[in-house]
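Just so it is clear, none of the values below were taken in a lab; they were calculated from the coordinates. Remember, predicted model here, so these are calculated numbers, not experimental data. Note: ideal-geometry Cβ built from the backbone for every residue, glycine included; neighbour counts use all protein chains shown.
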Amino acid sequence: MSEKEKLPEGLFNESGNEKTPNPCILVIFGASGDLTGKKLIPALYNLMDDGLLPANFVCVGFARREKTHEEFRAEMTEHIKKYSRTKTEAKELEAFTEKLFYFASNFDDDNGYKNLAPFLEDLDKKYGTMGNRVYYLSVQPTYFSPITEKLQQNGLIYDDHDDSRFSRVIIEKPFGRDLNSALDLQSEMTKNLAENQIYRIDHYLGKETVQNLLVFRFSNAIFEGLWNNRYVDNIQITVGESIGIESRGDFYESAGLVRDIIQNHLMQVLSLVTMEPPSSLSADSIREEKVKLVSAIRHYKENEIDQFAIRGQYKEGFVDGEAVKAYRQEEKVNPESNVETFAAMRLSIDNWRWAGVPIYIRAGKRLPKRTTEICVMFKRPPGILFNKDEFNAPNCFIFRIQPNEGISIACNSKVPGTANIIQPVTMDFQYDNFFGKSVPEAYERLIHDCIMGDNTLFAHVDESIYSWKFITPIIERWQEKTFQEEDFYNAGSWGPIASEMLLRNEGRKWKMV
Ligand code: BG6
C-alpha cells in the first residue's frame, strides 16, 4: 500500500470513533524555540494524558545548543507545568518525559544527520517505534529545504511507496512570502518528498470550532438551504488580537499582518465557511473543495486595491486599561516602518452560490480584544408586516472560534407587553457548558492526525498557491506606498476609519464582536 492509499477517511473512521495511532518517533527541529516549549511539548503531554499517543512513541528534540537528555527533560517539565491544558500529575509527567530525548546539531551540519540516523535506529530497537518518523520543522522557513534535503541524503526520508514504514514532515507557516517564493519552495520540497508526505500546518485548522464548521454546515439540513446568495446578505470574518507583536519585531518587519494571519489562517476559515459540500469526508475531497473556493476569489483590478484592501498600523493607545506603545516603537522595528499590523478587505467569490455576496474580512494586532468570529448576516424579510426600522438587527449566525467557543443565532422577538416592540435575542451554544470538558489545543489534534497519516486538516499546496495569487498584488501595491496619517489607528481601537468606511459605503457595518 502506498502512503496515499494508507490515508484514513478524513476526520472519523467508519464508526465515528477515534483511531489508534501508529508507533513512531517525532523529531522536533528547533527544539529550543518558543513553539516547542509553549505548544508542541504540552500538546504531546495532553495527547498522552488522553490516551491518544501511540504506546510505542518517543520524541527527540533537535537543536543547536549542547544539552543532555536530562536537561532537556527538566526544561520541558517546567513548560508542561506552565502551559499544559490539563492539570499535571508528577507520575504522568515522569512517564511522559522518559519518552523525551535530545540531539544537538546545527541544521546544516552533515555529520549531525549522519549521527542522527543510528541514534533513531537505536531508539527504534528500544521503544518499538518501527522506523516510523515524523519530522516537525519548527524553524525559519529558509531551513525547510536544507533540512529535508539532508534528511533525504542520509536515508531518513523513505520512499512514499515504502509499505513497511513512513516518514512525514510537518512545516510551520509561512509557506513562502509571495507567489513566486511559494512556488520555488514547493519545487524544492518536492525534490525530496511526495506531496502527501508534506504536512503544512495551519493551527487554525486544529481548532475545534473551525472543524465544527463542516459538521454544522453539512449535518444540519436547516442551515445549508440558507447558505447562499438568495438568503445571505454578507459574511464578516474578524480575527482580532489585543496583543501587539510581542518580541517578534524582526519577524513582523519582514512579514506583516497579511502574511502572518490573512494568507493562511483567515483564508482557511473563509474556505470552510463558504466551500461546496465535499463528496466524502476524505482528505482529498475536502481539500479539493477548499482549493476550488480559494481559486474562485476574485482578484482585484489594479485600481481596486486601494478601494477594497485597507491596511493600518497601531499607534500608542490603551488596551485593557494599560498604556501600550506604538508599533514603530517596538523592539527591532524600524521607527519609520511601513509594515501593516491591521488589514481589512472586501472580497467577492465568483461562483454560483456566492455571486453578489460581499465577504468582509479584517484582522489586526492591538485591537480592543482577542476574538475570532465569523458572522453570516442574512437578508431582511420584506418590510410588509413589520416596518424595517422596527427591527434593526438582521438575523445572523455567529461562529465564535475563540474565546468562549460556540455558536449563536441572532433573531428577533416580541418584547412581552401590549406594544408591538421587537427586540433582537440570541440563542447560544457554548462548548464548555454543553460538553463539560475543555476544548483540546489545536496542536494536539494536528500532531495526532499527522501521526495517523491523516492530512485533512493540513493545507494542500494549491490552497496556499491560490491564496498567494490573490494576496501578492496587494502586498506589492502596499510596498510602493508609505503610510499616511489616516492609516494609523490607536491601539485598543478597531483599526483605521477606512475599515469602517469599507462597509458604510455599501450601507453596512461591522457586527459588534
Ligand atoms: C500565529 C501568528 O500564527 O497565530 C501570531 O504568527 C498570532 O501572530 C497567532 O498571534 C494567533 O493564534 P491564536 O491561536 O492565538 O489565535
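The charge dipole of the chain, taken about the Cα centre with unit charges on the Cβ atoms of Lys, Arg (+1) and Asp, Glu (-1), comes to about 1300 debye, rounded to the nearest 20.
Using the Cα coordinates of the range 178-262, the gyration tensor eigenvalues translate into equivalent-ellipsoid semi-axes of 32, 22, 14 Å, sorted from longest to shortest.
According to the square roots a ≥ b ≥ c of the eigenvalues of the Cα gyration tensor, what is the shape class of the range 111-202, taking rounded for a/c under 1.5, prolate for a/b larger than b/c otherwise, and oblate for the remainder? Because a/c hits 1.5 or more and a/b exceeds b/c, the range 111-202 counts as prolate. Projecting the Cα positions of Asn229, Ile305, Gln268 onto the charge dipole of the range 219-319 (unit charges on Cβ atoms of Lys, Arg, Asp and Glu, taken about the Cα centre) puts Asn229 furthest along the positive direction. At the listed q of 0.18 Å⁻¹, the Debye profile of the range 169-210, built from one uniform point per Cα, gives log10 I(q)/I(0) equal to -0.57. Which log10 I(q)/I(0) values does the chain give at q = 0.06, 0.11, 0.12 Å⁻¹ under the Debye formula, counting every alpha carbon as one identical point scatterer? Evaluating at q = 0.06, 0.11, 0.12 Å⁻¹ gives log10 I(q)/I(0) of -0.30, -1.02, -1.20. Helix 144-153 versus the longest principal axis of the chain: what is the Cα-based angle in degrees, 0 to 90, to the nearest 10? Its long axis makes an angle of about 30 degrees. For the range 438-513, taking the reciprocal of the average inverse distance between every pair of different Cα atoms yields a Kirkwood hydrodynamic radius of 16.9 Å.
Residues with beta-carbon under 11 Å from that of Trp510, excluding Trp510: net charge, scoring Lys, Arg +1 and Asp, Glu -1? Present the calculation step by step, with values, prior to reporting the outcome.
Details: positive: Arg362, Arg504, Arg508, Lys509, Lys511; negative: Glu373, Glu500.
Charge balance in the 11 Å sphere: +3.
Name the GluC sites (Glu not before Pro) in the range 203-271 that are in a loop by DSSP and that have at most 16 other C-beta atoms within 10 Å, would you?
Values: sites: Glu208, Glu224, Glu241, Glu246, Glu253; in loops: Glu241, Glu246.
When the GluC sites (Glu not before Pro) of the range 203-271 are filtered for loop state and at most 16 Cβ neighbours within 10 Å, Glu246 remain.
Treating only the Cβ atoms of Lys and Arg (+1) and Asp and Glu (-1) as charged, compute the dipole magnitude of the range 207-311 about its Cα centre; round to the nearest 20 debye. Provide the component values of the computation, followed by the final result.
Details: 11 positive and 15 negative charges, 52 e Å.
Around 240 debye, computed over the range 207-311.
Within a 10 angstrom radius of the beta carbon, how do Thr341, Thr418 rank from fewest other beta carbons to most? Please list the in-between numbers first.
Details: Thr341 29, Thr418 5.
Lowest count first: Thr418, Thr341.
Under the Kirkwood approximation for Rh and a Cα-based Rg, what ratio Rg/Rh is obtained for the range 354-513? Kindly include the intermediate steps, with their values, before the conclusion.
Numbers: Rg = 20.5 Å, Rh = 20.0 Å.
Taking Rg over the Kirkwood Rh, I get 1.03.
Partner lysines whose Cα lies under 16 Å from the Cα of Lys379, excluding those fewer than 8 positions away in the same chain, are identified as Lys388, Lys509, Lys511. Annotation for the range 88-111 versus the range 238-296: alpha-carbon center distance of 31 Å. Taking the helices alone, the chain has a mean residue ellipticity at 222 nm of -9500 deg cm²/dmol, built from -39,500 (n - 2.57) per DSSP H run of at least 4 residues and averaged over all its residues.
Taking 12 Å as the straight-line reach from the Cα of Lys369, the aspartates and glutamates in range (excluding those fewer than 8 positions away in the same chain) are Glu241, Asp320. Between helix 283-295 and the chain there is an angle of about 50 degrees, using the helix long axis and the longest principal axis of the Cα atoms. Which angle between 0 and 90 degrees, to the nearest 10, do you get for helix 179-189 versus the longest principal axis of the chain when only C-alpha atoms count? Relative to the chain, helix 179-189 is tipped by roughly 20 degrees.
Could you tally the net charge around Ser247, taking each other residue with its Cβ under 12 Å from the Cβ of Ser247, Lys/Arg +1 and Asp/Glu -1?
Net local charge, Ser247 excluded: -3.
Rank these for me by crowding, Asp178, Asp110, going from fewest to most other beta carbons within 10 Å.
Values: Asp178 17, Asp110 12.
Starting with the residue having the fewest Cβ neighbours, the order is Asp110, Asp178.
Please arrange Glu71, Glu188, Glu330 by counting, for each residue, the other beta carbons lying within 10 Å of its beta carbon, fewest first.
Details: Glu71 12, Glu188 15, Glu330 21.
By the 10 Å Cβ count, ascending, the order reads Glu71, Glu188, Glu330.
In the distance distribution for the range 84-125, Cα-Cα pairs more than 10 Å apart total 78 percent.
Relative contact order of the chain: what whole-number percent is it, with Cα pairs under 8 angstrom and at least 6 residues apart? Across the chain, relative contact order equals 18 percent.
Under the √(5λ) rule applied to the eigenvalues of the Cα gyration tensor, what semi-axes describe the equivalent ellipsoid of the range 77-149? Give them in Å, descending.
On the way: eigenvalues 147, 67, 22 Å².
Taking √(5λ) for each eigenvalue gives 27, 18, 10 Å, largest first.
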